[in-house]
1. What nm value, rounded to one decimal, do you get for the distance between R253 and V92 when each label is placed 7 Å out toward the C-beta?
2. Peptides 239-250, 186-197: what's the order by average Cβ count within 10 Å, highest mean first?
3. How much accessible surface area, in Å² rounded to 10, belongs to the heavy atoms of F258 with a 1.4 Å probe?
4. Taking the convex hull of the Cα atoms, report for segment 150-274 its projected area averaged over all directions, in nm².
5. All other residues with a Cβ under 11 Å from the Cβ of I215 taken together, and with Lys, Arg as +1 and Asp, Glu as -1, what is their net charge?
6. Pairwise over distinct Cα atoms, reciprocal of the mean inverse distance: report the Kirkwood radius of the chain in Å, one decimal place.
7. How large is the helix-only mean residue ellipticity at 222 nm for the chain, computed as the sum of -39500 (n - 2.57) over DSSP H runs with n ≥ 4, divided by its residue count, in deg cm²/dmol to the nearest 500?
8. Translational D (Stokes-Einstein, µm²/s) of segment 107-172 at 37 °C and 0.692 mPa s when Rh comes from the Kirkwood sum over C-alpha pairs?
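The values are calculated or read from the model by the stated rules, or taken from the named source; none is laboratory data. None of these values were measured; they are calculated from a predicted model. Note that each Cβ is placed from the backbone with ideal geometry, even for glycine, and that neighbours are counted across all protein chains shown. These area figures cover heavy atoms from the full protein model, side chains too; ligands, DNA and RNA do not enter into them. Shrake-Rupley method; radii C 1.70, N 1.55, O 1.52, S 1.80 Å.
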Amino acid sequence: MINITGLSKNDPAPGETPVAMLEVEGLNHRFGSGPDAHAAVRDLTFTVSAGQLACIVGPSGCGKSTLLRCIAGLIKPTGGKVRLHGDEVQGVPADLAVVFQDYSRSLFPWLTVAGNVEFPLRSLGIGKEERRRRVEEALGWVGLAGSQRKFPWQLSGGMQQRVSIARALASRPALLLMDEPFASVDAQTRFELEDLLRTVQREQGSTVLLVTHDIDESVYLADRVLVLSSSPATIVADLPVDLPAERDQITTRESAEFVALRGEVARLLQKRAA
Ligand code: ADP
Ligand code: MG
């Protein structure tokens, strides 16, 4: 539930230090070795607090997916450390979920919507009754309560991506990583999914780190935008987004604050590309 102060349940009380859910320290990643080595990520240091929705924006090919894969424990960084609520990430942590851009390849076509959402809960050792409850709850969050028995191929792209989001949230991850999750849907669906993500994130107090190459999307979604340079990715700015928590696809995007912020991000990206 959204509480009436507009703070998510993980926000610190006044005067309290925010809890760092994710700590990335001096992260480096190079592909290959010797003269053919290719640096994808260089010296990245940042933290994401519990309950925050942070966006990372950077040009295509700058190293965003590599960064997320390092955080998710899918690839071992060649330098630096990643900690999830204080524990160093070595291998994929059980309390982390990832949503990728390509929903058509991330859902199992032979499982129903409910089966897809339930699937990771089985490997977490969650009992049958609790699994059923969580599937129902997560599909309710994304507005798909009535589609449990459908198969992914019976759904639109936007609905399939909602299933991926429900599946990620059903395990109640400490951190949700999203890699350009709305880049493969049409503009109208993209707006709907952005609003859905913000609503669910605030209601559940989830901690989300989302990467995108879309400047407007990063500003619209985030509490904070980290701007990356072109390859190898380094952080060139860490901007707080002080837009009102209640956002609207038309009025927020028209507001002077939004226009100023998107201009600032665009200038930072342009300067680094020059
Ligand atoms: P982004 O997600 O920002 O588009 P990536 O993280 O996918 O960027 O890629 C960053 C750079 O690393 C690119 O130059 C890409 O070609 C390179 N790269 C990505 N994956 C590999 C890999 N497995 N082996 C070698 N180079 C890679
Ligand atoms: Mg990518």
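1. Modelled inter-label distance: 3.4 nm.
2. Details: 239-250: 13.3, 186-197: 16.4.
My ranking of the peptides, most packed first, is 186-197, 239-250.
3. F258 has an accessible surface of roughly 0 Å² with all protein chains in place.
4. Values: hull surface 34.9 nm².
The directionally averaged projection comes out at 8.7 nm².
5. Details: positive: R262, R267; negative: D214, D216, E217, E264.
Here the charged neighbours net out to -2.
6. Working: mean 1/r = 0.0518 Å⁻¹.
After inverting the pairwise mean of 1/r, the radius is 19.3 Å.
7. Working: 9 runs with 98 residues, N = 274.
Result for the chain, helices only: -11000 deg cm²/dmol.
8. On the way: Rh = 11.3 Å.
Rounded to a whole number, D works out at 289 µm²/s.
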